[in-house]
Amino acid sequence: MSSIALVGNPNTGKTSLFNTLTSSYEYVGNWAGVTVEKKIGSLKNGAGMLIDLPGIYSLHPLSRDESVAARYLVEESPGALINIVDASQLERNLLLTLQLLEYGKPTLLGLNMVDVASARGIQVNPEVLQTWLGVPVLPLVARTGKGSGQVLSLLKNSAAIPAVHFRLDYGEPAEQAIAAIEKMLPAGASLPDSRWVALQLMEQNPVILQILKSQLDVTPLLAICDVCQSELQSKKLALTLPQWIRSVRMDYIRSLCQAAMDTTARKPHNLTERLDALLTHRFMGLPLFIFFMYVLFKTTFDWVGGPLSDILDGWISGPISDGAGTLLQYLGASSFAHALVVDGIIGGVGGVLVFVPQIFILFLIISFLEDSGYMARVCLLMDSTMERMGLNGKAFIPFIIGFGCNVPAIMAARSIEQPKDRMLTTLLMPLMSCSARLPVYALFAAVFFPSRQAAAVLSMYVLGIVFALILCKVFSKFLFKNESSIFIIELPPYRLPQIKTLLRSTWEKGKGFLRKAGTIILAGSVIIWLMSYAGPGGLDVAMDDSFLAKFGGLIAPLLQPLGFGNWQAGSTLVPGFLAKEVIVSTMNIIYHAPDTAGLETQIAQVFTPLSSISFMVFILLYIPCLATVGVIRKETASWKWTFFSMGYSLVLAYIVSFVVFQGGRLLGWS
Amino acid sequence: MAVSPCSLLRLHPGSTGSIHSIEGMNPILRRRLADLGVFEGVVIRLKGKGPFLGPVTLECNGQLFAIRRKEASRIEVNVS
C-alpha cells in the first residue's frame, strides 16, 4: 500500500489537513511544534496511508521533533509527498519546498491559508507556482476543510501524480562537486535520490552524514566539499558551501515569488497588531496573564464547573446509586455483591466521575488558549523569569499543557531546541498539577475553604510553578552547570478558534480521563474496596480491622509529622501512584460516603484546615504517576533520570508538607 | 547614504533597518534565525520590547518572532 507523507514548515496546518483527509483526530494548536511525533492514518477514500510529520524548516534538524521528520525522509521511502506551504509566508516556506522537490518523489504542493494571505492583501497565483515548480498546486484552507476534496481525489490515484523533474543549477563549482559525489555513492544502496543526497551532504546535513558514514568511508566525499568550498571562496562567491547553496535557492525563490505573488495591497495583520499591543505590553502583559489564569480557575470551579459537578453528584448518589441498589435487591444479589457495586464501584468510580464537568471545562479553556495563538505570547512574557531560573520561556507551553495531563506535556517538550532545556522541562513536569490531582483539591477546598474555592485551588497550581522555578534554578546550577540556554519563538497570528475544533480537542483530552475511569480507576476501586471489606478476621470486617487499615497503618507513622498520620490518608498514597484519581475514589470507599456532601462531613472530622493544606501540598508534589514515569523513561532514555524525578519529588513533598504543618502549628493555626 | 551600522536594539520600536551583520551569536540560534529568513541584507523591524528586560519582538518578511535582548544586540542594522 502506498504511503504519502505530509511535510512542511511548523504551524502551517499539516495536522489540520491530516485530520480532514483521514478519519482520525490528532492534536492541533496555533504554535510551532504541536506535532512532535510521526502520526499515521488511513486516507478516507482508502487510497493509502497518510503520514503526518512534525514541522521542519529545513532538512537539517535542530530539535528532536525535527529529527523525527528528517530521519523519516532519509530512512523510509514514501510513495509521494504533500508539501504544505503557508501562502502568507511563501518565501520562507519555499526554501523547504525546493529541497523536497530535489528529493525526487512525486509531490503535491498544498497552498494553505489562502484566506489568511488574502486578508493580509497577499494574492498567490497557483498556476504560476505550478508552471515554475512542475508539480500540481492546490489552494487550501485546511482549518475549514476547503480544497481537501481536490487533494483526496488527486491522491485517489497516487500513481498518477507525475514524478518531479525539478533541477536547480548551482553554478559550475558546485555542479562539479555534485557530479563527483554522485559517482562515489554506492549503487543500489537504500538511499534516496543521489543528487539530493549529494546536495544535503554539501549542506552538512548531519542525518545524511550519519547514514553515509554507516555505509562507506566519507573522507573522499568531504574532501570534494572542501575543494568546492575553497573554489567558491577564491571566486568570492560565498564564504561557505552551505551558504552558497542557500543563496542560489534564495535567488530562485525571490524571482519565483515576484512572478507568482501580488503583494501590492500587503497590509499588517490588524487583529494581531492590536492584541499584541495589549497582551505583550511590557507592563500590562504579565498581570493580564495572571488575570486570565484566575478567570480560568474561577470558571472551572466557581462559575460553571462547580455547579455542574453538584448536579452530577446528585444524580450519581441519588437515582443511580439507589437504582442500582434496588435492582440488585430485586435480582436477589448477595450482600457482598451489593456492597461491591454500591460502595466499591459506584462509590469509587462515581466519586471521581463527579469531577468530569470541572475537568472538561479546564480542558476547554486550555484548548482555547492553544488554538488562539496566545500560548506563544505566554512564553515571551515568561522568558525573562525563566531565563533567571536557567530555563527558557518555551518551556511554558509544556507546563500549561501539563495542567491537563503530564504525559502529552512531556512529549511537547520535544520542540525545545537544547537538550539541557528539554531535560529540565521533563524533570520538572511532575510539579505541574495535572487534572487528576484536581479532584483532591476540589474536595478539600469545598470542605475547608468553601467561600474561596477557586483561590485555594489556584494557589496549589501556583505553588507547583513556584517549586518548579526554584528547583529549575537548583538543578540548572548543580546538575547542568549553568549551561546557557537560548530562546527563540515564532509568534503566529491570533485567530478565533472554531467551535468544532475546540469541542473536538476538549473531547480528545477528556476522553483519556473517561477511559481511565472505566479501567484503572474501576480496577483500583474494586481492589481497594476488597481490601477494605476483607481483613485478617475474614470478610465484612469493621473498616478499622481490614487489610486496607493494616496496610495504611504501616505508612501512617511516617506521615504523623505532616499532620495526616492516620491509616486512611496513608492508604490512599500507594494507589495514587497508579493514577492520582484513585486517591479520591479510595477516600469515597474508606469513608463509606453515599455522596460528596457525606464525604465532606467525614473529611471535616478527620482533617483540620491546616492538615488539609499539608495533605493537598503532599498530593501536589509527591510522585509522578505511573504513566508519567513511563513517558519520562521513554523521553530521557535513562533510568537514572527517571528515578531521580521520582526521588526528588518525594523528598520535596515530605519537606514542604512538614514545613507547612509544623510551621502552621508554631504560628498557632490548627 | 554613508550611515554606520548600529545595534538592532537602538531602533525605535516600529521602525526598520536592513541587517548589516550578525556576529558572535549562538550557532543554534543563528541557524534557527536563518530558517526564519533572517540573513544579512534582509529588512527587519523592531516591534516591541518585552517586560523586565525580556525578549524583543521582531518582524521579518511578515513573520513575527521573539529573541532575547542579549542575542538581538548581536544583529547590526543599517538604518536608511
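Rule-based calculations on the coordinates, nothing more; no lab input. Bear in mind that the values here come from a model prediction, so they are computed numbers and not experimental data. Quick reminder, even Gly has a Cβ in these numbers, built from the backbone with ideal geometry, and neighbours come from all protein chains shown.
Note on B:65-74: average number of Cβ atoms from other chains within 10 Å of each residue's Cβ is 4.
What number results when the radius of gyration of segment B:13-79, computed over Cα atoms, is divided by 2.2 N^0.38 Å?
Working: Rg = 10.9 Å, N = 67, 2.2 N^0.38 = 10.9 Å.
Normalised Rg, Cα atoms only: 1.00.
When both bridge partners sit in segment A:3-160, DSSP labels roughly 25% of those beta bridges antiparallel.
Taking other residues whose beta carbon is less than 15 angstrom from the beta carbon of B:SER21, and scoring Lys, Arg as +1 and Asp, Glu as -1, yields -1. Against chain A, whose longest principal axis comes from its Cα atoms, helix A:356-372 is set at around 20 degrees. Kirkwood radius, the protein assembly as shown, all distinct C-alpha pairs, inverse of mean reciprocal distance: 28.5 Å.
Ranked by how many other Cβ atoms sit within 10 Å of their own Cβ, fewest first, the residues A:PHE360, A:PHE449 fall in the order A:PHE449, A:PHE360. Axis of helix A:219-234 versus longest Cα principal axis of chain A: the two differ by about 60°, to the nearest ten degrees. Overall, segment A:210-294 carries a charge dipole of about 240 debye about its Cα centre when +1 sits on the Cβ of Lys and Arg and -1 on the Cβ of Asp and Glu, all other atoms neutral. The mean number of Cβ atoms from other chains found within 10 Å of a Cβ in peptide A:278-285 is 3, as a whole number. Secondary-structure-derived ellipticity at 222 nm for chain A, considering helices only, amounts to -19000 deg cm²/dmol, per-run term -39500 (n - 2.57) for DSSP H runs with n ≥ 4. Put a plus charge on the Cβ of each Lys and Arg, a minus charge on the Cβ of each Asp and Glu, and nothing anywhere else: the dipole of chain A about its Cα centre is then about 660 debye. Placing dummy labels 7 Å off each Cα toward the beta-carbon, the span from A:ALA265 to A:ILE311 is 4.7 nm. Short to long, the 10 Å bins of the Cα pair-distance histogram for segment A:144-258 hold 12, 35, 27, 18, 8, 0 percent of all pairs.
Anything over 25 Å Cα to Cα? Flag those among A:LYS156/A:LYS509; A:LYS394/B:LYS49; A:LYS473/B:LYS70; A:LYS105/A:LYS183; A:LYS473/A:LYS580, in the order listed.
The pairs that break the limit, which is 25 Å between Cα atoms, are A:LYS156/A:LYS509; A:LYS473/A:LYS580.
Dipole of segment A:250-308 computed with +1 at Lys/Arg Cβ and -1 at Asp/Glu Cβ about the Cα centre; of A:ALA259, A:PHE283, A:TYR294, farthest Cα towards the positive end is A:PHE283.
In degrees from 0 to 90, rounded to the nearest 10, what is the angle of the helix A:547-559 Cα long axis to the longest principal axis of chain A? Here the helix axis deviates by roughly 80 degrees.
Summing Lys and Arg as +1 and Asp and Glu as -1 over all other residues whose Cβ lies under 12 Å from the Cβ of A:ASP310 gives a net charge of -4.
Sort A:THR572, A:THR586, A:THR20 so the one with the fewest other Cβ atoms within 10 Å of its own Cβ comes first.
So the ranking, lowest neighbour count to highest, is A:THR20, A:THR572, A:THR586.
Among A:488-494, A:432-438, the peptide with the highest mean count of other Cβ atoms within 10 Å heads the list, and the full ranking is A:432-438, A:488-494. Put in line by how crowded their Cβ is, counting other Cβ atoms within 10 Å and starting with the fewest, A:TRP639, A:TRP132, A:TRP669, A:TRP31 read A:TRP639, A:TRP669, A:TRP132, A:TRP31. Secondary structure note: in chain A, about 35% of the DSSP beta bridges are antiparallel. In a reduced charge model with +1 at each Lys and Arg Cβ and -1 at each Asp and Glu Cβ, segment B:13-79 shows a dipole moment near 260 debye about its Cα centre.
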